[in-house]
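Report on the structure given below.
Derivation of every value follows stated rules applied to the coordinates shown; laboratory data play no part. Since this is a predicted model, take the numbers as computed values, not measurements. Ideal geometry is used to build each Cβ from the backbone, glycine not excepted, and the neighbour counts take in all protein chains shown.
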Amino acid sequence: ILSASFCGLLLLSYCLFCIHYFVVGYHQVMADSWLTAWAPPWALLCSFLGNLQSSLVQYARSTKKMIRNMMDDHQSSLDYLSNQVNELMSRVMQLNSDMPRKPSDVFPHRAVQSHGLDCSDIKDTIGSVTKTPSGLYIIHPEGSSYPYEVLCEMDFRGGGWTVIQKRTEGIIEFQRTWSDYLDGFGDLSGEFWLGLRKIFHITNQKTASFMLFVGLESEDDTYAYASYDSFWLEDEACSFKIHLGRYSGNAGDAFRGYRQEDNQNTLPFSTFDMDNDGCNPLCSLQEQLVKSCSNFSQQTGWWFSQCGVANLNGVHRVTRKMLTTGIRWDTWTMNDQPVKIKSVSMKIRRTYFR
Ligand SMILES: [Ca+2]
């Protein structure tokens with residue numbers, strides 16, 4: 001509008017100049033020089049500019065009014081939508097408070113997303129897509145009503161190992177109650193006992209069977225191992241009786257030991273406050289009458305027979321003082337003496353799928 005008006009103004013000025021030249025100043029122009037005689041039509045120009053200014057001001061006012069009306073319309077639309085949202089929110093809250101509490105609230109563990117059934121399952125499923133590092137994972141074995149955290153070793157012997165016991169520096173005490181051995185104790189990133197219930201759930205899945213690997217390190221930094229091609233526990237009602245398959249390794253089969261009464265295979269688990277051992281009522285060990293192998297082994301928990309020659313839960317580094325205490329795997333010998341054990345780990349892995 002502005003540029004059009006300006007063009008119109010120029011055109012009009014030119015016309016006015018022409019009329020003035022031809023009608024009013026003709027004779028004077030003929031007589032003298034037209035440049036000195038001609039005077040611009042100031043009055044006409046001023047009136048035209050005044051009209052233009054007033055029309056422009058009017059236009060600006062109407063535009064401003066139009067924009068204000070549009071903003072008012074938008075604001076009222078927003079107010080309407082906001083009211084609708086508020087109403088919906090209050091209805092949702094009303095529905096939530098009206099809803100009865102579901103039984104799933106009783107099991108908050110269910111909200112946790114597990115990585116797999118066990119470390120072997122995690123390795124086979126996630127590991128087929130990307131490399132799975134060793135570390136802590138959440139597993140939810142078949143038959144378990146809750147998921148839980150475990151340490152998975154993914155680099156050792158093909159990976160997929162769920163670690164069920166680990167001793168290193170001897171910071172964590174293994175002189176524990178039945179209840180502690182049931183649920184587990186220690187620190188999964190350090191020393192720990194995973195717990196009989198958790199080990200039971202892993203080894204009793206319908207689709208898998210497990211092998212056990214016992215890794216030993218002596219106080220002289222030498223290594224040995226014992227491996228069993230099958231490993232599972234009976235349930236809590238049977239005090240988690242241990243079942244071991246064929247042995248292989250270089251540390252000897254201490255679970256079975258040398259004599260019949262050493263054999264811990266198929267024996268239930270015992271603690272100082274839950275005596276299920278093979279000394280019933282009494283054993284004669286090292287010219288002592290023993291009633292409880294756990295008490296004889298400084299209140300540690302294990303699958304004691306009478307009492308046997310293996311106890312990987314024995315008190316850490318007491319072996320220098322007494323043969324009957326300490327971490328024991330007495331079939332591992334040096335110069336006909338049991339090797340003094342500094343660190344140990346027990347881990348399990350799937351052997352086959354049905
Ligand atoms: Ca006993």
- Item | Whole-angstrom gap from the range 220-273 to the range 167-212, using each part's C-alpha centre | 14
- Each residue of the range 283-300 in turn: what ³J(HN,Hα) in whole Hz from Karplus with 6.51, -1.76, 1.60 and θ = phi - 60°, glycine and Pro shown as x? 10, 10, 10, 6, 6, 10, 8, 10, 9, 10, 5, 4, 4, 5, 9, 6, 6, 9
- Note on the structure: Full extension between D155 and Q84 adds, at 0.36 nm per residue less the Cα distance, a length in nm of 19.8 nm
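If you count, for each residue, the other Cβ atoms within 10 Å and average over each peptide, how do 283-294, 156-167, 46-57, 184-195 line up from highest to lowest? Mind dumping the intermediate values first?
Numbers: 283-294: 15.5, 156-167: 21.1, 46-57: 11.8, 184-195: 18.4.
Order by mean packing, descending: 156-167, 184-195, 283-294, 46-57.
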- Item | Ranked K206, K123, K342, criterion: other C-beta atoms within 10 Å, fewest first | K206, K342, K123
- Query: Ordered by residue, what ³J(HN,Hα) values in Hz, to whole numbers, does the range 83-93 give under the Karplus form 6.51 cos²θ - 1.76 cosθ + 1.60, where θ = phi - 60° and Gly and Pro are x?
  - Reply: 4, 4, 4, 4, 5, 4, 4, 5, 5, 4, 5
- For K342, list long-range residues whose amide hydrogen, built 1.01 Å from N in the peptide plane, is under 5 Å from its own amide hydrogen. E217, S218, E219
- Net lengthening on full extension, A39/D73 (0.36 nm per residue, minus Cα-Cα): 6.8 nm
- Note on the structure: Amide H contacts under 5 Å for W232, restricted to residues at least 5 apart in sequence or on another chain and with H modeled in the peptide plane, are H243
- Query: Once both labels are modelled 7 Å past Cα along the beta-carbon direction, what's the Q337-S230 spacing in nm?
  - Reply: 4.0
- Residues meeting the amide H criterion for S134 (H placed from the backbone, H to H distance under 5 Å, 5 or more places apart or on another chain) are M154, D155
- Would you mind ranking E234, E261 by Cβ crowding within 10 Å, fewest neighbours first? E261, E234
